[in-house]
Structures are given as structure tokens and as C-alpha cells.
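The values are calculated or read from the model by the stated rules, or taken from the named source; none is laboratory data. These numbers come from a predicted model, not from an experiment. As a convention, Cβ positions derive from the backbone with ideal geometry for all residues, glycine included, and neighbour counts pool all protein chains shown.
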Amino acid sequence: MPARLLVKQQNAVVDRPADQLSELRGEHPCWLDISNPQSEEFDLVAKELELHPLAVEDARHGHQRPKIDQYENHYFIVFYALEAPSPGVVNYHEVSIFVAHNAIVTVHEGDFSARRLVEKRFVEGHLPTSGLLLHALFDTMVDKYFEVVDQFGERIELLEQFVAEEAGPNLHRAHAPLRELFLVKRELLQLRKTIAPERDVLQVLVRGDIRELRETGKRAYFQDVYDHILRVTDEIDTFRELTSNVIDAYLAAASNRLNEVMKVLTSIATVLLVLTVVTGFFGQNWSFIPYGSLPLFWISMGVTGLIAVGLVTYFHRRGWL
């Protein structure tokens with residue numbers, strides 16, 4: 001998708017060539033969207049707006065931590081847009097944003113739904129200033145976070161239910177959900193590492209440190225986005241704790257199941273040990289024992305059976321079996 005320069009004029013938003021950004025932004029709010037950081041349009045805009053080489057390098061290579069950097073004539077912001085096209089799949093879109101006087105430049109790979117929604121609102125004339133445009137970008141991207149986090153909550157709830165149902169004799173079947181729980185926990189950690197630093201970015205916007213965004217009454221908009229970021233972070237922490245609790249519950253159930261098995265095996269071993277003592281006594285090669293006596297054989301077998309039944313009854317009454 002080629003770079004698009006959208007210019008807010010009095011009655012409409014029009015497309016202009018990307019090389020006209022520097023001359024149009026003096027009178028009209030402009031938004032230049034670049035979907036290929038390696039494109040020639042980005043090189044041209046970086047030269048015209050005198051973007052700092054370090055910021056250009058970060059936007060071009062990506063894999064940056066969310067941040068906001070101040071330079072002489074512009075600000076550089078890194079923010080993330082998230083999408084969950086299917087359960088268990090999260091797509092991370094790194095968005096580099098350059099904020100200059102009356103102009104917003106967004107640089108990213110490919111496309112994402114939040115950008116399309118903001119473009120629709122901008123074209124319809126609902127975002128008359130660059131400050132409101134920047135707020136709409138942040139607000140729309142953060143609103144998508146709730147959809148992603150809610151999917152994690154549904155996955156954890158299903159896994160919790162499965163582990164609870166299989167915590168009895170069929171606990172061995174719960175190995176797959178346990179692996180899935182560890183996977184969810186790792187994904188939540190990655191999600192938090194991505195979202196949590198964005199609070200610092202929004203704090204700068206809330207304080208009004210960016211001179212280009214010091215519009216009367218506009219700081220409250222960024223405060224609202226900041227509150228949403230806090231809510232998302234709290235939900236992630238809650239789901240991480242819930243995942244840990246489900247894992248602990250599984251391990252406790254597995255330990256209890258192992259104890260039950262060990263009780264049964266120990267009881268069986270104890271019964272066999274006593275029977276071994278009895279049979280071992282009669283197995284000694286003593287001359288006074290009539291080994292050929294059939295009545296004595298049945299008596300010894302009866303005694304052995306009575307001892308076994310007695311031990312089993314005793315263990316059962318004590319709750320060991």
C-alpha cells in the first residue's frame with residue numbers, strides 16, 4: 001500500500017502527494033501514513049521535516065520498546081497496535097509516530113484495523129486537529145487491547161473448567177491443558193511487556209509536555225486513554241494471577257492423586273509383606289514340620305487368608321484404603 005497524505009481542509013479531507021507535506025502543514029492539519037518504512041517516501045519526508053537520524057533508524061528497523069523521544073523540531077513516539085484474528089493468535093503491529101507542527105506521520109509495516117477506523121473518522125471530518133488525530137490513533141489502538149485481553153480470559157476460563165473436571169481419576173488427561181496454561185502465561189507476560197511502557201508515553205501527553213498538542217481541553221482526552229491503559233494492565237495482571245492459581249490447583253490435584261496411589265500401593269505391599277513372613281516361616285527346612293500333611297496345608301492357607309482379610313479391613317477402617 002503506497003504512502004497516503006491526508007490533508008484536512010475547511011470542507012473536506014483530500015489526498016495529496018506525499019512530497020507536499022512540508023508546504024501544506026503550515027495551514028492545514030496533515031496526516032501522512034507510510035506502510036513501508038523502507039520506501040522512498042519515508043526518505044523524502046525525513047529529509048523535508050528534518051527528522052532526527054536516530055528516530056528514522058528506529059522507525060526503519062523496528063523492534064523498539066514503547067517510548068516518546070523529544071528532538072529539536074519534532075517528537076518521536078513508538079506505540080503498538082494489537083489484533084487477535086483467532087483465539088490464541090496475537091498480531092503485534094509496531095507503529096512509529098512523528099509529531100511535528102500541524103502534522104502527524106505514522107510509519108508501520110502492512111496495515112491494521114485501528115488505522116483504517118481512524119482514517120475513516122478523519123476523512124469524515126470528525127478529527128479537525130492534529131491533537132485529536134493523535135488521540136484517535138491511541139484511543140482506537142488501546143480499545144483493541146480489550147478485545148485481545150478478553151480472549152485470554154475466555155481461554156483461561158475454559159482451561160480452568162477442564163482442569164477442574166479432570167482433577168479426579170482422569171487427571172493424566174490434563175497434561176495438554178497444563179501446557180496450554182504455561183503458554184497463556186508466557187503470552188500474557190509478553191503482552192504486559194508491550195503494553196505497560198505505554199503508560200509512560202501517555203503520561204507525557206497528559207502533562208502537556210508536547211507543545212504541538214497544547215490545545216485547550218485536549219489533555220483530558222489523553223487522560224482517558226491513560227486510564228484505559230491502566231485498566232488493561234490490571235486485567236493482564238489479574239489473568240496472570242488466575243493462570244498461576246489454575247496451575248497451582250492442577251499441581252495440588254496431581255500431588256493428591258499421587259498420594260492416593262501411593263496409599264493403595266503401600267497398603268498392598270504391607271499385606272504382601274505379612275503374607276511373606278507367614279509363608280517364609282513355613283518355608284524353613286525343619287524336620288518337625290510335616291510338609292506332607294494336607295490338613296496342615298489348608299490350615300496354613302486359611303491363616304494366610306484371614307491375615308490378609310484382617311489387614312485389608314483394618315486399613316479400610318483407618319481410611320488408608
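Just give me the residues in the range 54-91 being assigned to a helix (DSSP H, G or I) and not charged (D, E, K, R), in sequence order. If the condition is that a residue be assigned to a helix (DSSP H, G or I) and not charged (D, E, K, R), then L54, A55, V56, A59, H61 are the ones that fit.
Hey, among T276, T266, T243, which residue is assigned to a helix (DSSP H, G or I) and closer than 14 Å to I307 by Cβ?
Step by step, each of T276, T266, T243 is checked, and only T276 is assigned to a helix (DSSP H, G or I) and closer than 14 Å to I307 by Cβ.
Here the range 284-315 is the region considered, the condition is being closer than 30 Å to K263 by Cβ and surrounded by fewer than 11 Cβ atoms within 10 Å (Cβ to Cβ), and the residue that is modelled with the highest pLDDT is L306.
Contact map, the range 183-197: residues that are part of a helix (DSSP H, G or I) paired with residues that are among the polar types (S, T, N, Q) and buried (at least 19 other Cβ atoms within 10 Å of the Cβ), Cβ distance under 6 Å, separation 6+ or inter-chain. Pairs shown: V184/T243; K185/T243. In the range 123-135, the residues that are under 13 Å from T106 (Cβ atoms) form Cβ pairs under 9 Å with partners that are of a type in the set (S, T, N, Q), at six or more places apart or across chains, as follows: S130/N102.
Within the range 254-262, does at least one residue satisfy the condition of being at pLDDT below 75, farther than 21 Å from F152 by Cβ, surrounded by 11 or more Cβ atoms within 10 Å (Cβ to Cβ) and not charged (D, E, K, R)? The answer is no; no qualifying residue exists. Of the residues E94, E109, the single one that is over 17 Å from the mean Cα position of the chain (by Cα) and outside any helix (DSSP H, G or I) is E109.
Only one of the listed residues (L51, L21) is crowded, with 17+ Cβ neighbours inside 10 Å and not in a helix (DSSP H, G or I). That residue is L51.
Yes or no: the range 237-250 includes at least one residue that is among the basic types (K, R) and modelled with pLDDT of 80 or more. Can you show your working first?
Kept after step one, since they are among the basic types (K, R), are these residues of the range 237-250: 240.
Subsequent filtering for residues that are modelled with pLDDT of 80 or more retains 240.
Scanning the range 237-250, I find at least one residue that is among the basic types (K, R) and modelled with pLDDT of 80 or more, so the answer is yes.
Take L134 and decide whether it is within 21 Å of D200 (Cα to Cα) and either surrounded by 22 or more Cβ atoms within 10 Å (Cβ to Cβ) or modelled with pLDDT under 90 (or both).
Details: within 21 Å of D200 (Cα to Cα): yes; either surrounded by 22 or more Cβ atoms within 10 Å (Cβ to Cβ) or modelled with pLDDT under 90 (or both): yes.
Yes: the conditions hold for L134.
With respect to the conditions (1) at pLDDT below 90; (2) closer than 13 Å to V105 by Cα; (3) crowded, with 20+ Cβ neighbours inside 10 Å, K8 lacks only one, and its number is (2). Within the range 62-76, one or more residues are closer than 18 Å to V206 by Cα and of a type in the set (F, W, Y).
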